[in-house]
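Novice: I am attaching a structure below and will ask some questions about it afterwards.
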Amino acid sequence: MIVSASYRTDIPAFFAGWFRARLAAGHGEIANPYGGKPYRVDLRGENVDGYVFWTRNAAPFADAFVDVAALSLPFVVQFTITGYPRTLDAHTLRADETMPQIVALAQKYGPRAVVWRYDPVLITSHTPAEWHRRNFADIAARLAGSVDECVVSFAQIYKKTRRRLDQAANTLDFAWNDLDWDEKRALLAELSKIAGENGIQMTICSQPEVLTAGPAAGLAAASCIDAARLSDVAGYDISARRKGNRVGCLCVESRDIGTYDTCAHGCVYCYAVSDHDKAVTKLRRVVP
């Protein structure tokens, strides 16, 4: 089994102490996101093949990475860096602060252990398409040689996402726009070319509509929880059946150990947090 930690919250940024304690205990009791009973997930031992960590700030998790490596458990870090302005990412670290983290992780654990995520792509009056071209090119150039893949997708506009975006746009005086698929394909084709020039393959997360026509046709779909990449890190074969979370998802089966509405990054487009203030309050109840 592969453990996902976590696409529901940022465990490396906010829950390093909790994770290390649960890893030492060997298991965690995880809240069921659908209101059912908590479920138990083994965190080490013969049932655990490895980890996929998801984060925007890996610095607080440095000792936890050492703990996992000491158990000879392979891991991959899905590390999001978008460089968005504070109107969109209110409390994340700046890109200049997080890019060195990726470089350091790649140096210590190998470039196959880190994947850069430029995700989600959000078009606003502060981040139009031309801004993304320049911003993506700058980050790609600075991560060249440290990562071999960049996962990209456009923001999924769920009901709560639309509500939070509209509230933020009204309060902070910006406009946002969900491009049509032809415009998305054209921009992704340009970003893919930039990535390739820096030795990075760009893959598309769970948006098969992008891959079907136009200049983006032929781009690769992402497998964010990827048994093949984890096998490369481990140095031996790790097998897992494909079990995507939504249409177009190529992830293999995993168990996620996060809890929704506990991330304090304050990203206005986030699907995992319905209200930032409530998330901060909930986080403070969990983390001393």
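Novice: Within the stretch 2-286, how many lysine pairs that are 8 or more places apart, or on different chains, have C-alpha atoms less than 27 Å apart?
Specialist: For the stretch 2-286, qualifying lysine pairs total 15.
Novice: Now a separate question. For a distance above 19 Å, tell me the whole-number percent of Cα pairs in the stretch 164-288 that qualify.
Specialist: For the stretch 164-288, the fraction of Cα-Cα distances above 19 Å is 67 percent.
Novice: In addition: How far, in nm, would the chain grow between THR212 and VAL66 when pulled straight, counting 0.36 nm per residue and subtracting the alpha carbon separation? Intermediate values should be presented prior to the final figure.
Specialist: Numbers: separation 146, 0.36 × 146 = 52.56 nm, distance 4.17 nm.
Using 0.36 nm per residue and subtracting the Cα-Cα distance, I get 48.4 nm.
Novice: Contact order normalised by length for the chain, with contacts defined as Cα pairs under 8 Å and 6 or more residues apart; what percent is it? Mind dumping the intermediate values first?
Specialist: Numbers: 542 pairs, mean separation 64.5, N = 288.
That works out to 22 percent.
Novice: First measure r as the distance between the Cβ atoms of ASP166 and SER239, then evaluate 1/(1 + (r/R0)^6) with R0 = 41 Å and state the FRET efficiency to the nearest 0.05.
Specialist: Numbers: r = 44 Å, r/R0 = 1.08.
Here the calculated transfer efficiency is 0.40.
Novice: While we're on this one: For the stretch 195-288, what relative contact order do you get, as a whole percent, if you take Cα pairs closer than 8 Å and at least 6 residues apart? Before the final figure, lay out each step's value.
Specialist: Details: 114 pairs, mean separation 17.8, N = 94.
Relative contact order here is 19 percent.
Novice: Does a label point 7 Å from the Cα of MET1, set along Cα-to-beta-carbon, have any residues of the stretch 44-59 with amide nitrogen under 14 Å, and which are they?
Specialist: In the stretch 44-59, the label zone of MET1 (backbone N under 14 Å from the point 7 Å along Cα→Cβ) covers 44-52.
Novice: Taking a point 7 angstrom from the Cα of ALA186 along the C-beta vector, which residues in the stretch 198-233 have backbone N less than 13 Å away?
Specialist: The answer is 214-216.
Novice: What's the ranking of 223-234, 96-107, 35-46, 166-177 by average number of surrounding C-beta atoms within 10 Å, highest first? Intermediate values should be presented prior to the final figure.
Specialist: Numbers: 223-234: 20.9, 96-107: 17.0, 35-46: 12.2, 166-177: 13.7.
Highest to lowest by the protection proxy: 223-234, 96-107, 166-177, 35-46.
Novice: Report the calculated FRET efficiency for GLU97 and ASP277 (r = Cβ-Cβ distance, R0 = 35 Å), to the nearest 0.05. Intermediate values should be presented prior to the final figure.
Specialist: Values: r = 24 Å, r/R0 = 0.69.
FRET efficiency, GLU97 to ASP277: 0.90.
Novice: Working only with C-alpha atoms, what are the Rg and Dmax values of the stretch 2-286, expressed in angstrom?
Specialist: Radius of gyration, then largest Cα-Cα span, for the stretch 2-286: 18.2, 53 Å.
Each value in this text was obtained by applying a stated rule to the coordinates, not by laboratory testing. All values derive from a computational prediction rather than experimental measurement. Using ideal geometry, Cβ is built from the backbone for each residue, glycine included, and neighbour counts are taken over all protein chains shown.
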